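Trainee: Below is one structure. I have some questions about it.
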Amino acid sequence: MQRNVEIRADVTGRTGGGEGFHYLRWNSKIELSLDCFVCERAARTTVLELGAERAVCGGSRTGAASHYAPARIAAFDVTSGADQLALRAVVSFWWAPFTDSATGHRATAPTLHPWVRLHLGYDCPQEGNASGVFGVQTNVERPVSGPCAHCSRPVATSSRTPTVQLLD
């Protein structure tokens, strides 16, 4: 059956100009834990890229190769203000019940402990708009700030954990 999850996240930072201003943007890559019926493993890190028709499941922790997974980013909406950047993404994926072949756990949609990592990019005006990236993920203590790799100023702060919610 087809399932959909909504991912929401926001960061604050000096995005509107002035000293310390960095050009912030959400990157189109999302890493999300999904239970994969293809390899029959639970809580696989699945990498999704905006515009791709399929995702990549990380495979097994015991060395099984990664493989394509039936999932895609169905919506990717960004909202920005003077000091805030928000993301709402919808991931659509196919899911079927199974029992994990290694642990014996029953699969769920989404996983029992949904995890997501979102990627932000930025350009540093102090270094001729040199670019950099950092991530925001659910399993990190808040607040967390991302420093610029070029000028060491804080680029953005994540005060709230990103949310992952099953839509149907």
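The values are calculated or read from the model by the stated rules, or taken from the named source; none is laboratory data. What you are looking at is a predicted structure, and each value in this text was computed from that prediction instead of being measured. As a convention, Cβ positions derive from the backbone with ideal geometry for all residues, glycine included, and neighbour counts pool all protein chains shown. Remember, those area values only see protein heavy atoms, side chains included, never the ligands or the DNA or RNA. Shrake-Rupley method; radii C 1.70, N 1.55, O 1.52, S 1.80 Å.
Trainee: Could you tell me which numbered condition ARG88 fails, if it satisfies all but one of (1) of a type in the set (Lys, Arg); (2) exposed (fewer than 13 other Cβ atoms within 10 Å of the Cβ); (3) closer than 19 Å to ARG3 by Cα?
Mentor: The one condition ARG88 does not meet is (2).
Trainee: Then there's this: In the stretch 34-83, how many are within 17 Å of PRO110 (Cβ to Cβ) and more than 15 Å from the chain's Cα centre (by Cα)?
Mentor: 10
Trainee: Give the number of residues within the stretch 135-155 that are open to solvent by less than 60 Å² (accessible area, probe 1.4 Å), part of a strand (DSSP E or B) and modelled with pLDDT under 90.
Mentor: 2
Trainee: Which residues, taken from the stretch 91-106, are farther than 30 Å from ASP77 by Cα and open to solvent by less than 60 Å² (accessible area, probe 1.4 Å)?
Mentor: Selection gives PHE98, ASP100, GLY104.
Trainee: Being in a strand (DSSP E or B) and either open to solvent by 10 Å² or more (accessible area, probe 1.4 Å) or of a type in the set (Val, Ile, Thr) (or both), is that true of even one residue in the stretch 58-65? So that I can check it myself, show each step before the final result.
Mentor: Let us first name the residues in the stretch 58-65 that are in a strand (DSSP E or B), namely none.
No, the stretch 58-65 contains no residue that is in a strand (DSSP E or B) and either open to solvent by 10 Å² or more (accessible area, probe 1.4 Å) or of a type in the set (Val, Ile, Thr) (or both).
Trainee: Which of the numbered conditions does THR79 fail, given that it passes all the others? Conditions: (1) closer than 21 Å to SER159 by Cβ; (2) of a type in the set (Ser, Thr, Tyr); (3) at pLDDT below 90.
Mentor: Just one mismatch for THR79, condition (3).
Trainee: Kindly check whether there is at least one residue in the stretch 105-123 that is small (Gly, Ala, Ser), at pLDDT 90 or above, closer than 29 Å to GLY51 by Cβ and part of a loop (DSSP other than H, G, I, E, B).
Mentor: yes
Trainee: Within the bounds of the stretch 113-129, is there any residue that is out of contact with any helix residue (DSSP H, G or I) (no Cβ under 9 Å at 6 or more places or on another chain), over 18 Å from TRP26 (Cα atoms), open to solvent by 20 Å² or more (accessible area, probe 1.4 Å) and among the acidic types (Asp, Glu)?
Mentor: The answer is yes, given that some residue of the stretch 113-129 is out of contact with any helix residue (DSSP H, G or I) (no Cβ under 9 Å at 6 or more places or on another chain), over 18 Å from TRP26 (Cα atoms), open to solvent by 20 Å² or more (accessible area, probe 1.4 Å) and among the acidic types (Asp, Glu).
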